[in-house]
1. If a residue has to be crowded, with 24+ Cβ neighbours inside 10 Å and either assigned to a helix (DSSP H, G or I) or of a type in the set (Ser, Thr, Tyr) (or both) to count, how many in the range B:17-31 make the cut?
2. Is it true that residue A:783 is within 14 Å of chain B (Cβ to nearest Cβ), in contact with a helix residue (DSSP H, G or I) (Cβ under 7 Å, 6 or more places away or on another chain), closer than 27 Å to residue A:916 by Cα and at pLDDT 95 or above?
3. Would the range A:788-809 turn up any residue that is within 23 Å of residue A:829 (Cβ to Cβ) and within 14 Å of another protein chain (Cβ to nearest Cβ)?
4. Residue B:77: hydrophobic (A, V, I, L, M, F, W, C), at pLDDT below 95 and at negative phi, yes or no?
5. Please verify whether the range A:327-340 includes one or more residues that are buried (at least 19 other Cβ atoms within 10 Å of the Cβ) and within 14 Å of chain B (Cβ to nearest Cβ).
6. Given the condition part of a strand (DSSP E or B), over 17 Å from residue B:122 (Cα atoms) and under 35 Å from the mean Cα position of the chain (by Cα), answer yes or no: does some residue in the range A:44-58 qualify?
Amino acid sequence: MQAWRVDVVVKPDQQDPMGGSALRALRAAGLDGIDRVRSRRGYLLARELDEAQVRRFAAAVLCDPVVDECSVHAPGATAASPRGAAHSVAVVPRPGVTDPVAHSVQKALGDLGLPAVATGTYKVFDVHGRVDGARLLQAAKKALANDVVQDVLLDALPVGLPGASPAPDLAVHAVPLAGLDPVGLERLSKDGGLALDGAEMAAIQRHFAGLGRAPTRMELETLAQTWSEHCKHKTLTGNVRWQGRTIENLLKSTIAHVTRTLDRDFCVSVFTDNAGVIRFDDEHSVCIKVETHNRPSAIEPFGGAGTGVGGVIRDVLGTGLGARPIASTDVFCFAPPDLPATQVPQGCLPPLSVLKGVVAGVRDYGNPMGIPTVNGSVHFDENFVGNPLVYVGNIGILPTARAHKQVHRGDAIVALGGRTGRDGIHGATFSSLELHTESETLSSGAVQIGDPITERKVMDAVLRCADLDLFSAITDCGAGGFSSAIGEMAEGLGADVDLQHAPLKYQGLAPWEIWISEAQERMVLAVPPAKLAQLLAVCAEEACEATVLGTFTDSGRLVVRHAGTVHADLDLHFLHKGVPVQTRDATWAPKALAEPQLPPERDLGQALLAVLGDYAICSKEWIVRQYDHEVQAGSAGKPLCGVRDDGPADAAVLAPKLGSLRGVVLANGLNPRYSRIDPAAMAECALDEAMRNLVACGGDPDYTAILDNYCWGSTRDPQALGELVRATEAVCALALTYRTPFVSGKDSLHNEFRTPTGVIRIPGCILVTAMSVIADVRATLTSDCKRPGSLLVLVGVTKDELGGSVYYKTKGELGAQVPRVDHGLGRDVLHGVHRAIAARCVLSAHDLSEGGLGAAVAEMALGGRLGARIDIAAVPTASGVQRPEQILFSESQSRILLEVAPDRLADLRANLHQVPFAVVGEVTQAKELVFHRDGKVLATVPLDAVERAWKRPLDLDGTLAPEVAR
Amino acid sequence: MTTPKVLVLRAPGINCERETQHAFARAGAAPSFVHIRQLLAAPDRLDGFAALAVPGGFSYGDDISSGRVLATEMKQALGERILRFVARGGLVLGICNGFQVLVRLGLLPCTQGRLDEEVTLTHNLSDHYECRWVTLRTTKSRCAFLPPGLTLRWPAAHGEGRLVARTPALQRLLVDEGYATALYVDEHGQATERYPQNPNGAPLGIAGLTDHSGRVLGVMPHPDRSYLPTHMPDWRRTQLARGTLPEDGDGMVVFREMVRVAAAEG
């Protein structure tokens, strides 16, 4: 359908930042010969408008009167090539991909009193210089677009808007299973993208044989969604044969067992709702959830990460009877950004593109939502090349009295928010399959693009309805869409749904597609009939679409119709309990690794700069600054600290109730590299690191809840599953000692990438997120040194534990002696340091993790723009630790470096009780780090060298690292 | 003294309404939320208030350009009405996205006393959103409620904050004739166009504007995120140096002064 085109371009005498960044991106993609790039924004307006209307709209709305100029082109007019440009590339959303801007353009048409006709948008980059068109197109597809969701046109512009969709297939399709042998069943599952295994398909075959009929396509799709690994966690809730015994329901007998055993009184709701809920004060509770969105982010980093953020926000919004999201966290694992192109397998995006896309996706969803992103970390390992990890977390606050929900028979089923399209069909089952080289093209239907403003409207509407007590239960539409959300809410009752009135983005969807679509920004509410009218009225005021889809019943059946015709009639008991329990084998044998025989370190200063310049340790400021960490005005401890706001913070501190000093401290721990040596070390160090970070900022270790988020390579391989079991046992044992209950968790267990030459498997990772409640945020700390003359006190014991360290990594080694946690010492360090901080003995504190003492002291000094003098002979060590590089770079756990005023040392000692500690140095005015042994100087490192080394690796705009002194 | 009533505007994508409301309440005002749909349905409601606040956020996703869609929605029914509201003594504050909306409505800088888009707030030179604390110096401006000569630290958090006037001469006039209320300054206290002290590259370092009457204020950085002492990024150093925390953070002055002026006149 041909349409009007409006081209908006920045005036020649004005700056064009979008053109500038396109130029940098194309050059970074290896394209030479470009002189400059000018950007254009394009709009398509349906031809029902006349020229005067188009011109009026363009001048009033599309074109900025100060910096832009625009041109209007009649439907069917050919695009004139831009003056002087060698080529132009247009980036256009593919048909069916969400285009939020087009919706706003449509709204603005109506606001101006014009017909609100169909609209579309695109971007154009006019490239000046000597550039080959074919190479430009190639580069633009990677650097300026993602061709999974966008078309890139060379020297052409989109000709019009998509026409009407074909009529939908409304037929009920029976899928005969009778007589199929196991091979036939598995083929059916594979061809249909159902991701069900032979035993599961056989169970479905038996069930329907008993009913004497074939399942419908919708029934089969519903079972596939509900039984997916993503929704059901079949591996972790299954049985495992391990070391001569069978563990029944791994999750229940490990993680949940810890929580049950500890039985902490601050737990309000655990493992039953969308998020874990703990008590905040007499009136309110806080809830927390962390999810992964790995697969979608591998295929389309921007959309995948953004919709991951959107999804976990909805999880919190749908907790209890509605929680207000107050903060987000994010933790990423990528391949190193400088991984040579030859090591990026076909079908994988370059790691730097993934990193930039993921960061932009989190930014462009979280910021418009008005939820601060306050805490996170980034990790690097070559094996994340095909499976980047994107952990997204959200924290909410809700009245404790409204922490539980209950659907009632007769409640209306109400869908809120975004419209349903084909986006994300088969997302839940897709995430349960391994990726391979064709995934990028095969699975593009599983990609979603977010629309945060629609979600913001949903949030505003839900929270107003919650305040008015207008619904009896709520959940989000995540994986599996309506099928999972309504199916879960109906468990123990029943539901009767008619999809005819479900609002659609475009026509042409078959009923089963509406049912399982994973279109974003949707919630499902159970609404008592007496409150329905008021709920719909509030939603209308908030400009949030709300539609009644049916009624909860007590039939025990999930009945789904379209215009009255039954498309599914499933027994809810079979749906939720019918999945066969898996039993898997798990084995573990220690890896044959050895400690490297390195010569004594010759230049300790250079070694420190190399450690600080490793991707694992370097400044993440380029990322942090793109997130809004201040919105909602709850921030009392920021991600960056110190006199120039550039020191790294260990944890975030929030005071979420405006006007109250009561607070939440949030931290995380993860070290994938340790998993290459021993997954048990990885797991317990993740917990210890999360707790150290939390305590160093003032969190209370005795009022802390934790979350476990697993990402594993494969669990079908007994060795890999054994690593998971071993890691789980380790983290659970430590959690019991630390008395930290798990309140929520999630797993993503198939992070493998198949290439023609083999399988790339991620190192097994458990991210531990820790959340503490404190009485007064004024008793919290930052890591930057405050005063020259203060003492630097190291708490804990330094051991010969360089295995998996960043120091070894800088030498190209892995090692074997990976850090382990001494449970009793670890507990005493956390509690001792917390007592000392509560007694105001400490001016600043920083946990020792990657890079050990060397990195910690460097970061503290840099944050405060002060120096430090460290006597390595004073460091409390285990026997056998002699060499300076061991003392400086060992990553032994349970260590925290404190800055203490000299006159507070006695108080500190009194509060630390029996915990080993020593004064290891002092803060100095001179801006340099001096490491000495009993007065003999081993290295002197100027602070500006520290800053350069630490900031340069991820200085992606070239604005962070200071100029080299001349 | 009366308790001034403040209308805190809500709209799809506006997301700083709660902190704006709390800051006004803390300053002694009586703030209440009104959704744009309610206000458009009954524009007379504005007349019952002493002040209008348009909070920050991403109204309608900042689609097309920041604040444009909300300004378009408001213009016909509310543009002239807000002008009359100001002429009758009303005060208006726009923070970040709210400032962008006021600029698109032509309410700022409004040098000629009529609705006209004389300036724009456009893309940062970095071409991306960024959140950082900046240092501002308030000027001797027309603004009735932002005292001159203050050095303030507020957080900036925007992707389209570069204030560009229709002509360089107008840009200069904004500073010379008291329309520019706050400037990004460097470590020497001098107005700067240099990144990162000036986070967006605005010529002459202009961070905020008032109108000809001095009763409308728009600022890109956020006083609504810096009004409590624990909002300040370096409050622990302040606490160490003074032994205690001050009563307010640096952003509170705007709310206190606005409420003081409104109460004195009301």
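The values are calculated or read from the model by the stated rules, or taken from the named source; none is laboratory data. Predicted, not measured: the structure shown is a model, and the values here were computed from it. With ideal geometry, Cβ positions are generated from the backbone for all residues, glycine too; neighbour counts draw on all protein chains shown.
1. Number of matching residues: 5.
2. Values: within 14 Å of chain B (Cβ to nearest Cβ): yes; in contact with a helix residue (DSSP H, G or I) (Cβ under 7 Å, 6 or more places away or on another chain): yes; closer than 27 Å to residue A:916 by Cα: yes; at pLDDT 95 or above: yes.
The answer is yes for residue A:783.
3. The answer is yes; a qualifying residue exists.
4. Yes; evaluated as a whole, the condition is true for this residue.
5. Among the residues of the range A:327-340, at least one is buried (at least 19 other Cβ atoms within 10 Å of the Cβ) and within 14 Å of chain B (Cβ to nearest Cβ), which makes the answer yes.
6. yes
Yes/no per residue for (1) touching a residue at least 12 places away in the same chain (Cβ under 8 Å); (2) within 14 Å of another protein chain (Cβ to nearest Cβ); (3) farther than 30 Å from residue A:457 by Cβ:
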| residue | (1), (2), (3) |
| --- | --- |
| A:8 | yes, yes, no |
| A:16 | yes, yes, yes |
| A:25 | yes, yes, yes |
| A:39 | yes, yes, no |
| A:69 | yes, yes, yes |
| A:74 | yes, no, yes |
| A:86 | yes, no, yes |
| A:93 | yes, yes, no |
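Rundown of residues vs (1) of a type outside the set (Val, Ile, Thr); (2) modelled with pLDDT under 95; (3) surrounded by fewer than 18 Cβ atoms within 10 Å (Cβ to Cβ), yes/no style:
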site	(1), (2), (3)
A:53	yes, no, no
A:56	yes, no, yes
A:65	yes, no, yes
A:68	yes, no, no
A:74	yes, yes, yes
A:78	no, yes, yes
A:83	yes, yes, yes
A:94	yes, yes, yes
